[in-house]
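Working notes, beginning with the structure itself.
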Amino acid sequence: MTALLFRGGRVIDPLHGIDRVADVLIDGVVRQIGTGIDAPGARVVDVAGCIVVPGFVDLHTHLREPGYEQKGTIATETEAALRGGFTTICAMPNTSPAPDSASVLRSLLETIARDARIRVLPIGCVTRGRAGKELAELSELADAGCVAFSDDGSPVADARLMRNALAFTGAIGLPLSEHCDNPTLNGGGVMHEGRISERLGLSGQPTAAEVSAIARNIELAEATGAHLHIAHVTTARSVELVAEAKARGLHVTAEVTPSHLFLTEDAVFGTGREAAYDTNAKINPPLRTEADRKALLRGLEAGIINAIATDHAPHAIEDKLCEFDEAAFGISCIETAAATVFTLVARGELSLATALRALTSGPVEAFALRSRVPGIGALTPGVSADLVVVDPSLAWTVDTAAFASKGKNSPLNGVELTGQVRHVVFQGELAHSLELANA
């Protein structure tokens, strides 16, 4: 293993409060942070003008394997994550078979160990087959290694079952990550219910479908004392509810996607004079209004929202190349996530400190991952082994054809973003380098 010396970058570690120009020596782990480090034999990488931070952590990624390998595989999607600066991802359970038992989870872990380019932490199902009828083998899943429970895009609609689930997960000590939605209210809507859906003649999902579900689940979390993690918050009122829950001392955490921070319902219409009906902007929960987007940014800045999580959802071309109503939900975004966030920073819409916290220490603390992976989300000398170097001022244009992900389904194709991942160190080794890739 060759030692690496990253010379002259702006080193930022939100957990330890570090923000200064320094060198970072990697020799299996972060060996030293300081100025003028002398490391004979080390490979020196000049990172002046760049930001050196802990490897990014994503609490919400879809890998598609097993069962949907035409959309993505563990190999392709972890390579995509690596290029996006993520060294740890939590894999959602909407696969076939779904990890609702220890045997399925163990089989998944074997595939991960063989094919993953980065660290993959599995999320187990809340209910059998994600069908919302009976609880999965939660204790067995926890013993087998899952880091949280979720039925992902299938919310637990039955309130009694949800209460029982929270009671069990609370006793186990793991978070339940819930897609908060009221299926009877959203009415099968395909985008946000508002001016754009009316103009396009598309059925819409009202904000009340998300808000009412969050309110119910917070009350159930209070009744059980469990850790409720609210996936992909999208509305201003949702942020208020999370803030109120935290003020009451409840164990409630929340995430927001880069898509909801960066885009609005207008992305469905497109940028031209004629409606594009852009299926690549179809996501669940849907892109909301500009007022909601700004509220999400404020919630992140205030620490109400703990983490930026991608909800990376790759699809095959035929899943999106169809009428809007028939198109699949989801955006392939793990390779553009950091860049959209850094673009928001460049625009003055988000502080750099908040952005980096939400990509590193925030998600680690939300899922208590440091007890599983020492040094994760930080630059702790002698312990941490993951690091990413980002050029925050480099402008580049998104080309989905060049994605490592099998999913090319992004509404950002052709959009110029600011900020690009240059190097990624995973487990002490240089796992990705843009310079080497372009050589």
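The values are calculated or read from the model by the stated rules, or taken from the named source; none is laboratory data. Source: prediction; values computed, not measured. Methodologically, a virtual Cβ is constructed for each residue, glycine included, from the backbone with ideal geometry; neighbour enumeration extends over all protein chains shown.
So, THR279, is that one without any contact (Cβ under 8 Å) to a residue 40 or more places away in the chain, of a type in the set (Ser, Thr, Tyr) and either outside the structural domain of ASN94 (by TED's automatic domain parsing) or on the phi < 0 side of the Ramachandran plot (or both) or not?
Against the criterion (without any contact (Cβ under 8 Å) to a residue 40 or more places away in the chain, of a type in the set (Ser, Thr, Tyr) and either outside the structural domain of ASN94 (by TED's automatic domain parsing) or on the phi < 0 side of the Ramachandran plot (or both)), THR279 does not qualify.
Mind checking which residues of the range 328-337 are touching a helix residue (DSSP H, G or I) at 6+ places or on another chain (Cβ under 7 Å) and buried (at least 24 other Cβ atoms within 10 Å of the Cβ)?
ILE331, CYS333, ILE334, GLU335, ALA337, listed by residue number.
How many residues are under 25 Å from PRO363 (Cα atoms) and crowded, with 21+ Cβ neighbours inside 10 Å when one looks only at the range 95-111?
6
Take the residues of the range 192-237 that are over 25 Å from the mean Cα position of the chain (by Cα), small (Gly, Ala, Ser) and crowded, with 17+ Cβ neighbours inside 10 Å: which is nearest to ASN164 (Cα to Cα)?
Ranking the qualifying residues of the range 192-237, first place goes to GLY194.
Go through the range 293-313 and give me each residue that's under 23 Å from LEU202 (Cα atoms) and in contact with a Lys or Arg (Cβ under 9 Å, 6 or more places away or on another chain).
Scanning the range 293-313 gives a single hit, ALA313.
Rundown of residues vs (1) among the aliphatic types (A, V, I, L, M); (2) in contact with a strand residue (DSSP E or B) (Cβ under 9 Å, 6 or more places away or on another chain); (3) crowded, with 23+ Cβ neighbours inside 10 Å; (4) not assigned by TED's automatic domain parsing to the domain that holds ALA213, yes/no style:
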| residue | (1), (2), (3), (4) |
| --- | --- |
| ALA75 | yes, no, no, no |
| ASP115 | no, no, no, no |
| THR127 | no, yes, no, no |
| ALA131 | yes, no, no, no |
| SER139 | no, no, no, no |
| GLY153 | no, no, no, no |
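Out of all the residues in the range 84-119, which are under 21 Å from SER150 (Cα atoms), of a type in the set (A, V, I, L, M) and out of contact with any helix residue (DSSP H, G or I) (no Cβ under 7 Å at 6 or more places or on another chain)?
Matches in the range 84-119: ALA91, MET92, VAL104, LEU108, LEU109.
Go through the range 74-192 and tell me which helices (runs of 4 or more DSSP H), entirely inside it, have 1 or more residues that are under 28 Å from LYS282 (Cα atoms) and either at pLDDT 95 or above or β-branched (Val, Ile, Thr) (or both).
74-83, 159-172, 183-186
Being within 30 Å of THR343 (Cβ to Cβ), surrounded by fewer than 21 Cβ atoms within 10 Å (Cβ to Cβ) and touching a strand residue (DSSP E or B) at 6+ places or on another chain (Cβ under 9 Å) is the filter here, so list the residues in the range 238-262 that pass it.
LYS246
Consider the range 155-172. How many of its residues are small (Gly, Ala, Ser) and surrounded by 22 or more Cβ atoms within 10 Å (Cβ to Cβ)?
Residues in the range 155-172 being small (Gly, Ala, Ser) and surrounded by 22 or more Cβ atoms within 10 Å (Cβ to Cβ): 1 in total.
Could you tell me whether the range 27-45 includes any residue that is of a type in the set (Gly, Ala, Ser), in contact with a Lys or Arg (Cβ under 7 Å, 6 or more places away or on another chain) and either over 19 Å from LEU359 (Cα atoms) or free of Cβ contacts under 8 Å to residues at least 40 places away in the same chain (or both)?
No: the range 27-45 contains no residue that is of a type in the set (Gly, Ala, Ser), in contact with a Lys or Arg (Cβ under 7 Å, 6 or more places away or on another chain) and either over 19 Å from LEU359 (Cα atoms) or free of Cβ contacts under 8 Å to residues at least 40 places away in the same chain (or both).
Being of a type in the set (Gly, Ala, Ser) and surrounded by fewer than 24 Cβ atoms within 10 Å (Cβ to Cβ) narrows it down to one of ALA281, ALA307, ALA316, so name that one.
Answer to the selection: ALA316.
With (1) charged (D, E, K, R); (2) within 14 Å of the chain's Cα centre (by Cα); (3) over 22 Å from GLY362 (Cβ atoms) as the list, and ASP266 as the residue in question, which single condition is left unmet?
Exception for ASP266: condition (2).
Does the range 2-39 hold any residues that are on the phi > 0 side of the Ramachandran plot and not in a strand (DSSP E or B), and which are they?
GLY17, GLY28, GLY36
For the subset of the range 354-378 comprising residues that are more than 21 Å from VAL424 (Cβ to Cβ) and in a helix (DSSP H, G or I), which member is farthest from the chain's Cα centre (by Cα)?
So the residue we want is SER371.
Residues to consider are LEU261, LEU250; find the one that is farther than 28 Å from ILE334 by Cα and touching a Leu at 6+ places or on another chain (Cβ under 8 Å).
LEU250
Go through the range 46-61 and give me each residue that's of a type in the set (Val, Ile, Thr) and either crowded, with 24+ Cβ neighbours inside 10 Å or without any contact (Cβ under 8 Å) to a residue 60 or more places away in the chain (or both).
Answer for the range 46-61, where residues must be of a type in the set (Val, Ile, Thr) and either crowded, with 24+ Cβ neighbours inside 10 Å or without any contact (Cβ under 8 Å) to a residue 60 or more places away in the chain (or both): VAL52, VAL53, VAL57, THR61.
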